[in-house]
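The structure appears below as structure tokens.
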Amino acid sequence: MSSGARWREHWEELRRYPSALVGMAIIAVLVGLSLYTVIAIPYPEALEKWRGGEPWQLHPVNAGPLWADRLVGGRQPSTLVIDSDAAEVEEAPFEGGRRLRMALAFDYQYDGFPSEINLFLRAEGHDQRPFARLLWQAPDGREFMLGGHRIGRDHRISISQDRALERRLGGLVPHIGLLAQPDSDGDAQPQVQTGRYMLMLDAVVFDEQAGIDAELVLYGRVHGIAGTDHQRRELSLALMWGTPVALAFGLLAAVGTTITTLVIAAVGVWYRGWVDATIQRLTEVNMILPMLPILVMVGTLYSTSIWLMLGVVVVLGIFSAGIKMYRAMLLPIREAPYIEAAQAYGAGNLRIVMRYMIPRILPVLIPTFVTLIPTFVFLEASLAVLGLGDPVLPTWGKVLNDAQSQSALYNGYYYWVVSPAVLLMLTGLGFAMLGFALDRVFNPRLRSL
Amino acid sequence: MNDSPMTPPPRRGILRDLRYMLLYAGKRLLALLFTVLVGVYLTIVIANMGGQVDELRLVQIRSQASEAVRADPAFQDLTSTERNELIERQVSQEVERLRLDQPFVVRSVDYLQRAMRLDLGRAEQMHSDRGSREVYDIIVERLPATLLLFGSANLLVFFVSVFAALFLSRRYGSALDRSVIALAPTSAAPGWFYGIFLILVFAFVVPVLPSGGMVTAPPPADRWEYAASVLRHMLLPLIAMFLSSIFISIYSWRTFFLIHSSEDYVEMARAKGLPSNLIERRYILRPTLSPIITSFLLMLIGLWSGAIILEQVFNWPGLGSLLFQAIGHRDTPVIIGGVVIFAYLLAVTVFLLDILYALLDPRVRIEGGRR
């Protein structure tokens, strides 16, 4: 039977297992997501963004996923950005400067309060710093003075941090107090007042030409498909980039360990004598070395780069317990007549090992190999949960680690833990389901059971 | 008394067996000792970064000595050369005390022989809750927590899975059997992973169980209340470990039993009409005893080192989190102590297994000495 026909037969066999099909579907989705991610968000861009800071200025802190809120019928606010470019500006020139009045208006129709309010002001090309006064107008006509500010080139006014305003609002933080209904009895839960709000920016500019750009940001409580973390970063970035990283790590580690282990077992079986004895002793030594503590040690003492970790995993995996299993499988093959025939026509040692012995047990290995992948995916996540994740790469494990160090569960940010965990679980299930089905296809002894 | 003329004289047989056994045991013991030796030495080298930790320590000693001399008003009126000499003298004393002046290779061998004698020495930074600096005390203090949690979890998983597998192998193909097989892939996730979900559900969404730790703070004075509190804290990690390994465990035992119950001699026994109990005990369990014991013992020590994350997630004060803290503090004596004990435990287990094999499997007993 040609090998093509044999593979086709295996494929027919495999198709009869629904779990194999589900597993393959999951793997296909994950591979598709990885390809999309790698193309849509190039590696350097992902690293640059994940470092945090500037690019995330307009994102809320710890916002949940939008769809999760809408699904349960909530109307929590998304982030509102009101730009002065779209606002009406009144200009009134005077001796040595101008007076600008900007009305940053917005319609607020959500059930919840925003999580924070910031005003970003940009004033470029001014010799003397302009001065601005802020007035907040609620839909019911109440007005709050938000004070005056001298504006720098890149100025940020954290309205939520204004302690004096908080006292004037009766002890409510500004992003709640400014949008709350006037409270009659004084100690009820504040309710949102919906309607049209306006922030009046009254600026005095000491320049003929240069203007002021303003951006009023009402940070939401929900954001995007995956929400944001404590550094305002979109979790979807890490969840998406975590996919190729996890798949690559799992695949490379599984390939690295199985192939090297197999080759070494075959070499030992073929050469026998002291080579075999050495390999056996090394395997026993390796069994005594605890894998995880050594990885933790390498991570703490040297570097937590994911590629170094991969290298250590492969090196520790070379002399793993699998050698004993492969050895048992290879021993009868060594005595097979076709090996003797190969020797008779003059095949060298290396040729016999690589071309005659190893290919014989490769099919048996395929299921083991597939079931090994999730083990390594979870290993990477485990290291990251211990705080030994790659310093720059966004991965699922690092999201979990951030969530844990920020007490996400205690604070009720369940999405932060659930979304990476679900992805990890999907990966694990996909490969494991396929692997179990493959096991039955390739090991005929199990098939009859 | 029972000697019938038919049986061969038993004395010679036993003596021969004993001789082979001793020979075999001796060989295995030597090989294992060598294995532990190499493993521990490798750990020492890694934990010291091949000697680089020494350089860090030298810098630390120097800065500490100069800080101390500068801050002490008694040395204010010394000239700078005198002061530097004083610092040098203190540094060299400390270096001599820690024997940092000797090359790392020499000290690593010294470390090794002390580690092999289980003389674990004193920790550099850490101390036990009672304040002892001895590595032995630190480890012993954490040992009960680990043994309690992992011992009970492993025993539970082992017995439940073996008996469930026996039960399922009798009814293979049934709906129950198929559903357990379908659940087997869930074991791809490790225990800590289920732990996170369990904490989420049972400690926060429905707050019925504590999310971590071993007892409530402050610990209850009454012994029974203390035990009840520990039990409540144990429940979630226990379930996490159970969930993560039970299905795969049942699956593999079931396959194993199925393969063995399709052997010819089992079919033969069935054909003879023996009761299924008897077949199970005498024809399936007896020949598969050595793999069962192997996996039992290996499982008992297997999770020992893999428990770091579960202990971290559940804040369980066991050996895993101790090792993690030690690595964080670069406290090499504690790291090496932990690994040495692990290595010895493994070696002792492997040795016990070898002897047990020899007892259970006559082939090993007779050929063992010649292997």
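What follows is calculated from the coordinates using simple rules that are stated; it is not laboratory data. The structure displayed is predicted, hence computed values, not measured ones. Cβ sites come from the backbone with ideal geometry, for glycine too, and all protein chains shown count toward neighbours.
In a reduced charge model with +1 at each Lys and Arg Cβ and -1 at each Asp and Glu Cβ, segment B:71-226 shows a dipole moment near 1160 debye about its Cα centre. Counting only GluC sites (Glu not before Pro) that DSSP places in a loop and that have at most 14 other Cβ atoms within 10 Å, the longest clean stretch of chain A runs over A:209-334.
When the chymotrypsin sites (Phe, Trp or Tyr not before Pro) in segment A:1-48 are filtered for DSSP coil states and for at most 16 other beta-carbon atoms within 10 Å of their beta-carbon, no site remains. Under 12 Å of direct C-alpha separation, and excluding same-chain neighbours fewer than eight residues apart, B:LYS27 reaches these aspartates and glutamates: B:ASP354. Think of segment A:111-194 as a dipole: +1 on every Lys or Arg Cβ, -1 on every Asp or Glu Cβ, centred on the Cα centre; then among A:PHE144, A:GLY177, A:VAL192, A:PHE144 lies furthest on the positive end.
Mean sequence separation of contacting Cα pairs (under 8 Å, at least six apart), scaled by the length of chain B, corresponds to a relative contact order of 26 percent.
Think of chain B as having a plus end and a minus end, set by charges on the Cβ of Lys, Arg, Asp and Glu; of B:ILE292, B:PHE193, B:GLY13, B:GLY13 sits farthest toward the positive end of this dipole. With K and R counted +1 and D and E -1, the other residues having a Cβ less than 10 Å from that of A:GLY389 yield a net charge of -2.
Ignoring everything except DSSP H segments at least 4 long, calculate the 222 nm mean residue ellipticity for the protein assembly as shown; use -39,500 (n - 2.57) per segment, divide by total residues, nearest 500.
Using -39500 (n - 2.57) per qualifying helix, the result is -20000 deg cm²/dmol.
The mean of 1/r over all distinct Cα pairs in chain B, once inverted, gives the Kirkwood hydrodynamic radius of 25.4 Å. Farthest towards the positive end of the charge dipole of chain B, among the residues B:LEU148, B:ILE309, B:VAL348, is the Cα of B:VAL348, using unit charges on the Cβ of Lys, Arg, Asp and Glu.
Modelled this way, with points 7 Å down the Cα-to-C-beta line, the labels at A:GLN406 and A:ALA103 are 3.8 nm from one another. For A:GLY147, the residues whose modelled amide H falls within less than 5 Å of its own, excluding neighbours fewer than 5 places apart on the same chain, are A:LEU134.
Translational diffusion coefficient of chain A (Stokes-Einstein, Kirkwood radius from Cα pairs, 20 °C, 1.002 mPa s): 80 µm²/s.
Exposure proxy for B:SER229, B:SER245: other Cβ atoms within 10 Å of each Cβ, ordered fewest to most, give B:SER229, B:SER245.
As a rough footprinting exposure proxy, the listed residues A:LYS49, B:LYS27, B:LYS272 were ranked by other beta carbons within 10 Å of their own, and the order from fewest upward is B:LYS272, B:LYS27, A:LYS49. Think of each Lys and Arg Cβ as +1 and each Asp and Glu Cβ as -1; about the Cα centre, that makes the dipole of the protein assembly as shown roughly 4700 debye. Tell me which aspartates and glutamates have Cα within less than 13 Å of A:LYS324's Cα, excluding those fewer than 8 residues away on the same chain? Once the sequence-local aspartates and glutamates are set aside, what remains near A:LYS324 is A:ASP276, A:GLU284.
Taking label positions 7 Å along the Cα-Cβ direction at both B:PHE204 and B:GLU263, the computed distance is 5.1 nm, reported to one decimal.
Other residues whose C-beta falls under 13 angstrom from the C-beta of A:THR194 contribute a net charge of -1, scoring Lys and Arg +1 and Asp and Glu -1. Remark: chain B carries a charge dipole of roughly 1940 debye about the Cα centre, counting +1 on each Lys and Arg Cβ and -1 on each Asp and Glu Cβ. From the alpha carbon centroid of segment A:382-449 to that of segment A:24-89 is 22 Å. The HN-Hα couplings worked out from phi for segment B:338-343 by the Karplus form 6.51 cos²θ - 1.76 cosθ + 1.60 (θ = phi - 60°) are x, 5, 4, 5, 4, 4 Hz, whole numbers, x standing for Gly and Pro.
Sorted fewest first by neighbouring Cβ atoms within 10 angstrom, A:ARG98, A:ARG8 come out as A:ARG8, A:ARG98. The local environment of A:PHE206, defined by Cβ-Cβ distances under 13 Å, has a net charge of 0 under the rule Lys, Arg +1 and Asp, Glu -1.
A Förster radius of 35 Å, combined with the Cβ-Cβ distance separating A:LYS324 from A:TYR43, puts the computed FRET efficiency at roughly 0.30. Whole-Hz Karplus values for segment B:54-71 come out as 4, 5, 4, 5, 4, 4, 4, 4, 4, 5, 5, 4, 5, 4, 4, 5, 5, 7 Hz, taken residue by residue from phi with 6.51 cos²θ - 1.76 cosθ + 1.60 and θ = phi - 60°; glycine and proline positions read x.
Listed by chain and number, the lysines placed with their C-alpha closer than 20 angstrom to that of A:LYS398 are A:LYS49; residues fewer than eight positions away on the same chain are left out.
Based on the Cβ-Cβ distance from B:ARG286 to B:VAL106, what FRET efficiency comes out when R0 is 45 Å, to the nearest 0.05?
0.25
Roughly how tilted is helix A:3-15, in degrees to the nearest 10 and between 0 and 90, from the longest Cα axis of chain A? The two axes meet at around 50 degrees.
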